[in-house]
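The values are calculated or read from the model by the stated rules, or taken from the named source; none is laboratory data. No experiment lies behind these values; they were computed from the predicted model shown. Cβ placement follows ideal geometry from the backbone for every residue including glycine, while neighbour counts extend to all protein chains displayed.
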Amino acid sequence: MDSLIKNGLLITSKNRVTASIGIKDGLIADIYEPGEEPEATEVIDAKGLAIIPGAIDMHSHHREGSESGFEYKDTIYSSTQQCAAGGVTTSIAMPNVNPPPNSRELLKKQFAIYERDAIVDWNFNPAPTINDEIPYLAEQGIAAFKIFMVVDTGRSYPHMPGIGVHDHGRLLEIMQHCAKVNVPLMIHPHDQALMDVIEKEFWERQERDALAYAKAYAAHDGLIWETAIATILRLQRAAGCHLHILHTQTAGSVDLIRQAKANGQKVTCEINPWALFLGCDWSTIERLGSYALSYWVPEKNLPGLWEGLNDGTIDIVATDHAPHTTEEKEIGWQDGWKAHTGTPSTQFYISMLLTAAQEGQISLERAVDAISTNPARIFGIQKKGDLVPGNYADLVLVDLENEYEVKDEDVLSLTGWTPYAGRRLCGKTIRTLVRGHTVYKDGEVVGEKGFGKQAVAKYPG
């Protein structure tokens, strides 16, 4: 046996048990009851620690593309450093990089950067906006396609030409193509036509600061989100593709998705940490402004969101890691529409969810299901997501009793800040292993550039 992790509390989506894990050739060889372990070259004592399968983050923005543009925010190397520190063993990136990969040539170039620099395993969700390229892209082991349901303005960030689609006919066409190749389609739902009207009302009143921005996006109880979700759910019913809805953030959205699932539609969805833990109460928005935004989720939505996560309507939790500099956020105090939307999230999101579990908002088993087991199952990520023999030894050792304060100086993102600074969390990552190889240990990233491999997906249908 290459390695043996002894005496840990194994937590899976189904149960928790004290046991030991044997590792050979990067795979879980077997699970052993205490006292029945074989000899091993390396022995890791996990007494007092929990062991969970490494998180599979289906939604992250790594910023670095094959041409220069946004790598000052984060690179693939710095992004995967954060993954290692936070217990994310597989990170799946989105196409708003420069240039946005929507062709075989651009996807090949994007893969090459990961092969050179990634510390943890990875995959990439290209944009299916060139019909003739979709079959080729589908053959590359991708987990999903991704588009933004926004008007393609041609602006340089964040919705560059090639990844934004708002025309309903074109959306239906893309869904039909995704159905043909049997690859899920991720959509960022957003009704731009409604948003144009809502924004105009604020602007005419000379309200443009971060607080106005938050109110605009939450206007009429999430009208722009729920209208968009209702639309794409109807289009999915016509096209028959697997639709994965991003940014589930209102109780009404959960209701729409729950009904679609009850009707037998092939629909899954996710929620992001900012929708559960950041900026739900108005006092946080007032204090942090654009630093809290992604988007404002009014507090009254939280019971419905937690209910949806606990009953499985919301399938997974993904980071929506979206780093921006303090300069790109600070401008929001004067003009919220000029501030870049999103927050760095990878490094602490497992701890946030484990803290919520210890506070009784979710079970530890369901938390593991949402961050690891379900992503692997839904998107066909091979040999990952569960602590079973034959799977890759993607393991995270966490101290559930270790309470710590989140500090900006500990942030590994190139942006150097987190909106969660000052928050106390329980469930600190002690060690992270990718395919049996330690990439993070005792507060230090020890993984090497280029160790990460593509987490090949085979969509189960």
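Considering every residue within the range 266-277, establish whether at least one is small (G, A, S) and part of a helix (DSSP H, G or I).
yes
Of the residues making up the range 383-413, those that are in a loop (DSSP other than H, G, I, E, B) and touching a Gly at 6+ places or on another chain (Cβ under 6 Å) are A393, D394. Scanning the range 387-424 for residues that are free of Cβ contacts under 8 Å to residues at least 12 places away in the same chain and under 19 Å from the mean Cα position of the chain (by Cα) turns up nothing.
For the range 64-117, filtered to residues that are in a helix (DSSP H, G or I) and of a type in the set (S, T, N, Q), the residue that is farthest from E409 (Cα to Cα) is Q110. Just wondering, is there one or more residues in the range 260-272 that are out of contact with any strand residue (DSSP E or B) (no Cβ under 7 Å at 6 or more places or on another chain), farther than 26 Å from Q82 by Cβ, buried (at least 23 other Cβ atoms within 10 Å of the Cβ) and not hydroxyl-bearing (S, T, Y)? Checked against the condition, which is being out of contact with any strand residue (DSSP E or B) (no Cβ under 7 Å at 6 or more places or on another chain), farther than 26 Å from Q82 by Cβ, buried (at least 23 other Cβ atoms within 10 Å of the Cβ) and not hydroxyl-bearing (S, T, Y), the range 260-272 yields no hits at all. Output the residue which, of all residues in the range 425-457 that are touching a helix residue (DSSP H, G or I) at 6+ places or on another chain (Cβ under 9 Å), in contact (Cβ under 8 Å) with a residue 24 or more places away in the chain and of a type in the set (D, E, K, R), is surrounded by the most Cβ atoms within 10 Å (Cβ to Cβ). That would be K428. Any chance the range 32-55 includes a residue that's crowded, with 16+ Cβ neighbours inside 10 Å, among the charged types (D, E, K, R) and at pLDDT 95 or above? No, there is no match, as no residue in the range 32-55 is crowded, with 16+ Cβ neighbours inside 10 Å, among the charged types (D, E, K, R) and at pLDDT 95 or above. Among the residues of the range 182-190, at least one is aliphatic (A, V, I, L, M), buried (at least 22 other Cβ atoms within 10 Å of the Cβ), at pLDDT 95 or above and part of a loop (DSSP other than H, G, I, E, B). Filtering the range 371-378 for residues that are hydroxyl-bearing (S, T, Y) and assigned to a loop (DSSP other than H, G, I, E, B) leaves an empty set.
Right, V388: at pLDDT 95 or above, farther than 24 Å from I44 by Cβ and among the β-branched types (V, I, T) or not? Against the criterion (at pLDDT 95 or above, farther than 24 Å from I44 by Cβ and among the β-branched types (V, I, T)), V388 does not qualify.
Scanning the range 2-25 for residues that are crowded, with 17+ Cβ neighbours inside 10 Å and part of a loop (DSSP other than H, G, I, E, B) turns up T12, S13.
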